[in-house]
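Data first, discussion second: the structure below is written as structure tokens.
The values are calculated or read from the model by the stated rules, or taken from the named source; none is laboratory data. What you see is a predicted model; the values in this text were computed from it and never measured. In this analysis, Cβ positions are derived from the backbone assuming ideal geometry, glycine residues included, and neighbour counts consider all displayed protein chains. The area values use the complete protein model at the heavy-atom level, side chains included, leaving out ligands, DNA and RNA. Shrake-Rupley method; radii C 1.70, N 1.55, O 1.52, S 1.80 Å.
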Amino acid sequence: MKRHLLLATLTISILLPVLPARAGIGTEIYDTRGKLITVVRGKERRLYVRLADIPQVTRDAVLAIEDARFYAHNGVDLQGIARALWTDLRHGGKVAGGSTITQQLVKNKYLSSEKTFQRKLDEARLALEMERKYSKDQILEMYLNEVYWGHGAYGIEAAAQTYFGHSARTLNLQESALLAALLKAPEHYSPYRDKKDGLARQRVVLDRMAEVGFITEAQAERAKNAKLKMPGAPGNGYKASYFTSYLVGELIERYGADVVLRGDLKIQTTLDLATQEAAERLVSQLVAKNGKRFRFDQAALVAINPHTGGILAMVGGADFRKSEYNRAVLAHRQPGSTFKPFVYLTAFAQGIPDTLTMADTPVTYPGVNGKPWTPGNYHDAKEGTMTLRRALELSNNVITIKLLDRVGPQATIETARKLGLKSPMQPTLSLGLGSYEVTPLELASAYGVLAANGVRNEPIAYWNVRDASGRYLETHRPSPQRVFDEAPIRLITDVLQGVVTRGTGTTANAGRPVAGKTGTTNDSRDAWFVGYTPQMVVALWVGNDDNSKMARNSTGGVVAAPTWGQFVRAALKNVPVAQFAPPALRQAPSATGSEASRSLPNAAPTAAPVDAIDEPSAAATGAGTGL
């Protein structure tokens, strides 16, 4: 580190302007079997723009949000550090940053992204050295031409072309504020990937510009309401685009953009390329063939190996070239009746048998703010008295709410938390109909605990990271944790098999044992099928980005389950059929557990080089329609 610091100091002493870093071969991304998926690298559209040619409003936007005291400090802003520490203390965690623009520049150019106290000391020392050698305008010019803005774009000119299709020399206030907004986390705030969060961050920048006096409050408000014209996502040209984009975002957050996009890393992912290609093909076909008929424009699918947590496939939308928004991990949608199994699992864990009979006679509850609520079944059907098993097979709303009232909403939330659902939920009775929003990845992971007989593995996207010399920088291994007793899990799996064989999910038949649940929200705004075999769990969502209604009767069983079944058939066509463990108190021989894991396409690989691996809405009325 000392030698590296000395070399960096010498470099600072002789270089002006700072030259672009050497572009490496790029980061090679492999699937779980060692097949090359793609190579990612930064775009070297290096048109160096002098500070005098960069609009003042652009400079002000960057300074306001990144380093408002840039022209007042000597490279290290003690006042800014104190303010950041105070902000972190008030929020109970890391919220604000104390690094100056000069510190960010030297970190990007000369230091690693490791978060250690020594690195921060080296960063401060180099920043002071840089401030002694160069003027403030020279440093700001270097920074604006060096920093990473997302989508592989380095430098302000590449950023302006990427997001707005014109030169940095003609950036206006709202465009400048958006670019400044990206600096905190370019892969997250990109309007091409999450427009809502990107524009929210842009408003933060505009408010900050007004606060420090760069613009007036009236100018800030006008800019917030001004329409941004963007040419459209540039597209990354990678295979498995949604997954690759998600992975690169994780890696950049961990290692920094320079290391990931200019280095020579090798990443072995959990993705199975053949499974991914089947997912992309079928999701695209689903939207193309049925979208107009049922009035939906998007779908998302995520598949996970429940015994490792490895993501086998991820499709965040119908066409990455048209929309980079990854619905598989970013879209929070009401799960509808796919939440119901968690109510029944809670009941089974409390000792309530699946043979208990209940009637779906109407019942009225106080609801929110004391307004009476009488839950009803899909199309107000009256199905009579039945066992809990049959009620879940038919997705009976009334019986589900009665059961939830008996076991307790809070106990059901605790079940959902054990399974891995992290999204906000409140202990209301509408919970049982899936009124609180979750992401497809969350839901798939939660069902993965059912597939793994009560054992949870956190979802992971890659097994290991190696540098150019082959040294392992990071390795992941499954971290199984038993979160639920096996007996109630095996019972709910047995019941969910009935959903597919004789209930609302018969169209999800995949030619092998399958357990799962359909889900449809009010007015058919969301349609789901989430299910599993002993080897794989898959969540499939269908709907519209603007949450508009689909056609009447666009239920999970009609628009989602058939494609789900086709995907499972394709993904597991070369994988031996495995049986679920029967719902007995004693463990019976089955293909679950270690035996099922051995047949999976992405069992955790050994720590060997990649090329050596052969196989490794809380509405009172609820949200569920009952199907």
Scan region 158-170 residue by residue and report those that are more than 16 Å from R193 (Cα to Cα) and open to solvent by 10 Å² or more (accessible area, probe 1.4 Å).
-> Q161, G165, H166, S167, R169, T170
Residue check, R598 against (1) open to solvent by 40 Å² or more (accessible area, probe 1.4 Å); (2) touching a helix residue (DSSP H, G or I) at 6+ places or on another chain (Cβ under 8 Å); (3) modelled with pLDDT under 50, all met but one. Which one?
-> (2)
Checking T563, T592, T501, T493 in turn, the sole residue that is outside any helix (DSSP H, G or I), of a type in the set (V, I, T) and either within 30 Å of G351 (Cα to Cα) or modelled with pLDDT of 95 or more (or both) turns out to be T592
Mind listing whichever residues of region 290-304 are surrounded by 24 or more Cβ atoms within 10 Å (Cβ to Cβ) and under 17 Å from the mean Cα position of the chain (by Cα)?
-> A299, A300, L301, V302, A303, I304
Tally, over region 142-157, of residues that are within 28 Å of the chain's Cα centre (by Cα), open to solvent by less than 10 Å² (accessible area, probe 1.4 Å) and of a type in the set (S, T, Y) | 1
Among (1) modelled with pLDDT under 80; (2) closer than 25 Å to G263 by Cβ; (3) assigned to a loop (DSSP other than H, G, I, E, B), which single condition is S99 missing?
-> (1)
Any idea which of (1) over 30 Å from L273 (Cα atoms); (2) open to solvent by less than 30 Å² (accessible area, probe 1.4 Å) is the one Q410 doesn't satisfy?
-> (2)
Looking at (1) open to solvent by less than 60 Å² (accessible area, probe 1.4 Å); (2) farther than 28 Å from K322 by Cβ; (3) modelled with pLDDT of 95 or more, which is the only condition G263 fails?
-> (3)
For region 170-198, which residues satisfy the criterion of being more than 20 Å from G152 (Cα to Cα) and not hydroxyl-bearing (S, T, Y)?
-> N172, L173, Q174, K196
Scope region 54-94; condition outside any helix (DSSP H, G or I), open to solvent by 20 Å² or more (accessible area, probe 1.4 Å) and modelled with pLDDT of 95 or more; matching residues = P55
Would region 457-477 turn up any residue that is under 18 Å from F580 (Cα atoms), at pLDDT 95 or above, open to solvent by less than 10 Å² (accessible area, probe 1.4 Å) and among the small types (G, A, S)?
-> no
Taking R41 as the residue in question, decide whether it is out of contact with any Asp or Glu (no Cβ under 6 Å at 6 or more places or on another chain), exposed (fewer than 14 other Cβ atoms within 10 Å of the Cβ) and modelled with pLDDT under 90.
-> no
K196: modelled with pLDDT of 90 or more, among the basic types (K, R), out of contact with any helix residue (DSSP H, G or I) (no Cβ under 6 Å at 6 or more places or on another chain) and open to solvent by 20 Å² or more (accessible area, probe 1.4 Å), yes or no?
-> no
Of K239, K227, the only residue that is surrounded by fewer than 21 Cβ atoms within 10 Å (Cβ to Cβ), within 30 Å of A446 (Cβ to Cβ), at pLDDT below 95 and basic (K, R) is K239
Within region 294-338, how many residues are part of a strand (DSSP E or B) and either among the hydrophobic types (A, V, I, L, M, F, W, C) or over 15 Å from F243 (Cβ atoms) (or both)?
-> 13
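Residue-by-condition table, conditions (1) in a helix (DSSP H, G or I); (2) at pLDDT below 90:
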position	(1), (2)
T9	yes, yes
A21	no, yes
I37	no, no
Y48	no, yes
A52	yes, no
Out of all the residues in region 380-400, is one or more charged (D, E, K, R), open to solvent by 50 Å² or more (accessible area, probe 1.4 Å) and at pLDDT 95 or above?
-> yes
